[in-house]
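S.K.: Pasting a structure here, questions to come.
The values are calculated or read from the model by the stated rules, or taken from the named source; none is laboratory data. Note that this is a predicted model, so its numbers are computed, not measured. All Cβ positions, glycine included, derive from the backbone under ideal geometry; neighbour counts span all protein chains shown.
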Amino acid sequence: MLTTKFQIRLAAFCLLLFLAAILLGWAAQSAWQRVRLLNDELSREQLESYRTADQFLLDLQHLQGLLLRFELRGDSNDWARFDAGQNNLDLWLTQQRNRLYTGAERSALQSIERAYDDYQIAATRLAQQIAAGRSIRELAADVERTSAEFERLGRLDGDLVQAHQRAREELIDRSRHELTFIRAVLYGALTALLGTGLGLAGFIWSGLISPLQRQLLESRELIARQDRLASLGILAAGVAHEIRNPLTAIKARLFTQRKHLGPGTAAHDDAEVIGSEIDRLESIVKGFLQFARPAEPEFAVVPVLPLLQSLESLLRDSLDAQHQIRLEIEPGESLSVRADANQLKQVLLNLVQNAADAIGARGRIGLRYRWDLQRLRGQQLPVVVIEILDTGSGIPADIRPRLFDPFFTTKATGTGLGLSIAARIIENHGGAIHYQTEPGRGTTFGVVLPEAAPTPAD
Ligand code: ADP
Ligand code: MG
């Protein structure tokens, strides 16, 4: 039972670990992707692309300056430099098309390119007029047109500046968004990692260390108990021997005394009481000896149903007549245990007796058995569980820890040895006794014994 629980927890934990690994993998991958995206966006090229408008305006102003000088001085060198400059700027503008990132920037650039063509046409016309030696007045219309185109270009460049501004703001927003995402992913991953670590620690503790600790404690207690029992056995044999001999002598004397006492006299009644008390003493000594030094079980294959039937026929009538307690067997499939039949019978007798005591009067004791797979002494074994159910008073929580202690009893005339002897015998059989109880409703004692392979006769 413990192992299946452990296995379920192990499986659940592995699943959790697997999920955490997937989560971590996903977090790492998406964080990496976002970082790369950010890296791309914040590249030198992109940052430089925001300066396209400024650069263009500078170059345009330079060209306009050259044109003005040519206008004033008519020096053909100035025109040659203007011509080279305007072609370079034309080429540069074409190259900028692929360097801009947003649609708004690209369409602003397109407008600039178109206006620049117009500016070039106007400037070339003006240069031709100057070269033809036209007077200032005759040039006025062309000068006007060129500067109008120049101003238009200035306005369009302003549009590009604005488009740059918007693109930059969008980039900052996006970067902030990516950073928030990366931070969330990192926190999430850290939390998952921490959770997994804590889970692992808890799992190792509860699944491995704590049971080991418990087992160690249990085996230590068992060893201490065995030690105590061994020395108790030696002591008990001596004491029992010492007590039994005088008891036998007293009993013999009492027997002869009683012969001289007439029945019905006070002295005869006293002798009766003394006799029954001596019997009680003898049974205590016998029980104690049995507890301290139980006989080695003589193992045989014991079919369970016939054993329960013999118990039933032994007790049924007296229980029914004296206490109105029904003793009922709930028959099941044919099962056998490996046990000493007499010792097992004694255990079951004790348990039935306790059940009857707990009921007092009017009730039911059930005897039933079933096959199961249970852990006995560290091994998963096929077992038979024999159960004694009663409708008695149940066992109060405060006395449960002492239930199996020798001499622990809640009854006026109890010896407190029944359960301790039963537990010892079953322990010697490699089995176990457990119980379930509900105060006011009843108790079920279960005797778990290794199953014996059925005999050929079965
Ligand atoms: P005794 O029967 O002599 O008292 P046991 O060792 O057989 O000694 O039982 C110890 C105590 O356990 C009983 O005194 C009783 O209080 C309690 N006990 C045992 N079996 C039952 C039961 N079936 N229902 C309620 N109490 C029980
Ligand atoms: Mg008892």
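S.K.: Output yes when any residue across region 258-269 is among the polar types (S, T, N, Q), assigned to a helix (DSSP H, G or I) and outside the structural domain of Lys345 (by TED's automatic domain parsing), and no when none is.
M.R.: There is no residue in region 258-269 that is among the polar types (S, T, N, Q), assigned to a helix (DSSP H, G or I) and outside the structural domain of Lys345 (by TED's automatic domain parsing).
S.K.: Can you name every residue in region 287-337 that is surrounded by 14 or more Cβ atoms within 10 Å (Cβ to Cβ), polar (S, T, N, Q) and not in a helix (DSSP H, G or I)?
M.R.: Across region 287-337, the qualifying residue is only Ser336.
S.K.: Determine whether Arg9 is of a type in the set (Lys, Arg) and closer than 30 Å to Gly207 by Cα.
M.R.: Against the criterion (of a type in the set (Lys, Arg) and closer than 30 Å to Gly207 by Cα), Arg9 qualifies.
S.K.: Another question, if that's okay. Got a number for residues in region 399-419 being part of a helix (DSSP H, G or I) and either within 15 Å of ligand 2 (Cβ to nearest atom) or modelled with pLDDT of 95 or more (or both)?
M.R.: Residues that pass the stated criteria total 4.
S.K.: For region 352-375, which positions are within 16 Å of ligand 2 (Cβ to nearest atom) and assigned to a strand (DSSP E or B)?
M.R.: Ile365, the sole residue that qualifies.
S.K.: So, one more: Between a first residue in region 395-409 that is more than 22 Å from Gly287 (Cα to Cα) and a second residue that is of a type in the set (A, V, I, L, M) and within 11 Å of ligand 2 (Cβ to nearest atom), which pairs have beta carbons less than 9 Å apart while being 6 or more apart in sequence or on different chains?
M.R.: As it stands, the answer is Ile395/Ala358; Ile395/Leu403, since those pairs meet every condition given.
S.K.: Would you pick out the residues in region 317-354 that are within 14 Å of Ala422 (Cα to Cα) and within 14 Å of ligand 1 (Cβ to nearest atom)?
M.R.: Once the filter is applied, which keeps residues that are within 14 Å of Ala422 (Cα to Cα) and within 14 Å of ligand 1 (Cβ to nearest atom), region 317-354 yields Gln346, Val347, Leu348, Leu349, Asn350, Leu351, Val352, Gln353, Asn354.
S.K.: Continuing with the same structure: I need a count of the residues in region 420-435 that are touching a residue at least 24 places away in the same chain (Cβ under 8 Å), under 14 Å from Pro294 (Cβ atoms) and within 14 Å of ligand 2 (Cβ to nearest atom).
M.R.: Total meeting the criteria: 5.
S.K.: Does Arg400 satisfy being among the charged types (D, E, K, R) and near ligand 1 (Cβ under 10 Å from one of its atoms)?
M.R.: yes
S.K.: Another question, then. In the list Ala167, Ala184, Ala163, which residue meets the criterion of being assigned to a helix (DSSP H, G or I), hydrophobic (A, V, I, L, M, F, W, C) and free of Cβ contacts under 8 Å to residues at least 60 places away in the same chain?
M.R.: Result of the check over Ala167, Ala184, Ala163: Ala184.
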